[in-house]
1. State the Kirkwood hydrodynamic radius of the stretch 163-256 in Å, one decimal place, computed from all pairs of distinct Cα atoms.
2. Label-point separation (nm) for Leu212 and Arg225, each offset 7 Å from Cα along Cα-to-Cβ?
3. Multiply the residue separation of Lys369 and Thr238 by 0.36 nm, subtract the distance between their alpha-carbon atoms, and state the gained length in nm to one decimal.
4. For Lys356, give me every one of the aspartates and glutamates with a C-alpha distance below 17 angstrom, ignoring sequence neighbours fewer than eight places off in its own chain.
5. How large is the translational diffusion coefficient of the chain in µm² per second when you combine the Kirkwood radius over alpha carbon pairs with Stokes-Einstein at 37 °C and 0.692 mPa s?
6. Would you please report the Å³ per residue occupied by the convex hull of the alpha carbon atoms in the stretch 112-221?
7. Report the relative contact order of the stretch 293-369, percent, no decimals, based on alpha-carbon pairs under 8 angstrom and at least 6 residues apart.
8. Let me have the relative contact order for the chain, percent, based on Cα pairs under 8 Å that are six or more residues apart.
Amino acid sequence: MRKIKNITVIGLGLIGGSLALAIKESSNEFNVTGYDVIIDAMNIAKYRNVIDKIAISYSDAVKDADLIIIATPLSNILNVINEIRNFLKKGVIITDVGSAKENIVKEVHKVLPEEVVFIGGHPMAGSENEGILSARADLFKNAFYILTPTEKTGSEPLLLLHSILTKIGAKVVSLSPQEHDEIVSLISHLPHILSTNLVELVNDEQDKLKNLFKLCAGGFRDMTRIAVSNPKMWIDITFENKNQIINAINKYIKHLEKFKDALDNNNIDYIKSHYLKAKEARTNLPKYVDKDISNLYELMIAIPDKQGVLSEITLAISSASINIEDISIFHSTEYLGGGILKILVQGENAGEIAKKAVEKKGYEVRIRKIIGD
């Protein structure tokens, strides 16, 4: 398997800068080049050793790159792709960090040469701070990092990108672009929209209720904290994932209408049930737990040598809510015309759940516990 050596990060804000820094600190085998249209951002990144080299242009940034990370705002990703597409090495891997995926993946695949690989990416990490001065190498530690391969994604580039992101401490999950957008519309985009609309409502009401903002306490402040996020970024996100956001809003309205009807009709049983269900669901949200190697399982999967196999398997495992801890491919004399894919999963019953998910796709799977019972 080929190695990734030269990595270029385009867009040196909080996410791009943190990725560059995390990659540099994960291994001295990587040479990290940075490019940004803001010259000061590049100079600061070089001064702080966030990057090894400043690029003077898009072509200079990408001409030798084995991996390119586009960490610009969503609305600029396609512009960057068009700027760099004539200067790319054959086989280069390109990924992005945008928080909407379906349209971006579709449009990027239309314009890139066939010998170039694009894998959509979305780190579920951030900070209230912005810019290169806020870059942190530990920003992605234990954070979910979503990749969105398609049926055209080859096994080797997906494996290489997965390995680099695992090295920086991220918990890598593969989802289809459509599933990604549906999920984030509910857990990320909708909460932001609810937060901003609540602030606007209260602001509009303060003309007649003069002490309204003065009395805003913990609950209001907790729910509206995210309303201060970068408006330009959220305009990009809102329109890029427009259809899924509209679906999410419609679903939320239905829940509000059911609650309102129950209140109108003095349906105390429904109201009580609603509060209890919500409390239980919120209490049972998954929490990060230190890795317990007594629940670490290795799956060995016989795979043919064809495009899209690794994407299909990782998507199947991730869709079963199992996180992949590590992944590797070995050529094997046991299986002609392909190899053995080894996947590590962690958690009680994770091995059996992942095994069943992969077997449903028609693959032969063997499983062993890393530490015996």
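Laboratory data are not the source of any read-out in this text; all were calculated from the coordinates shown. Being a predicted model, the structure only gives us computed values, none of them experimental. Counting neighbours? That spans all protein chains shown, and the Cβs are built from the backbone with ideal geometry, glycine included.
1. 15.6 Å
2. Distance between the two pseudo-spin positions: 2.4 nm.
3. Numbers: separation 131, 0.36 × 131 = 47.16 nm, distance 4.38 nm.
Gain on extension, Lys369 to Thr238, equals 42.8 nm.
4. Glu298, Glu312, Glu348, Glu364
5. Estimated via Stokes-Einstein, D reaches 144 µm²/s.
6. Hull volume over Cα atoms, normalised by residue count, gives 166 Å³.
7. Working: 140 pairs, mean separation 36.1, N = 77.
So the answer I get is 47 percent.
8. Details: 646 pairs, mean separation 51.8, N = 373.
Reported relative contact order: 14 percent.
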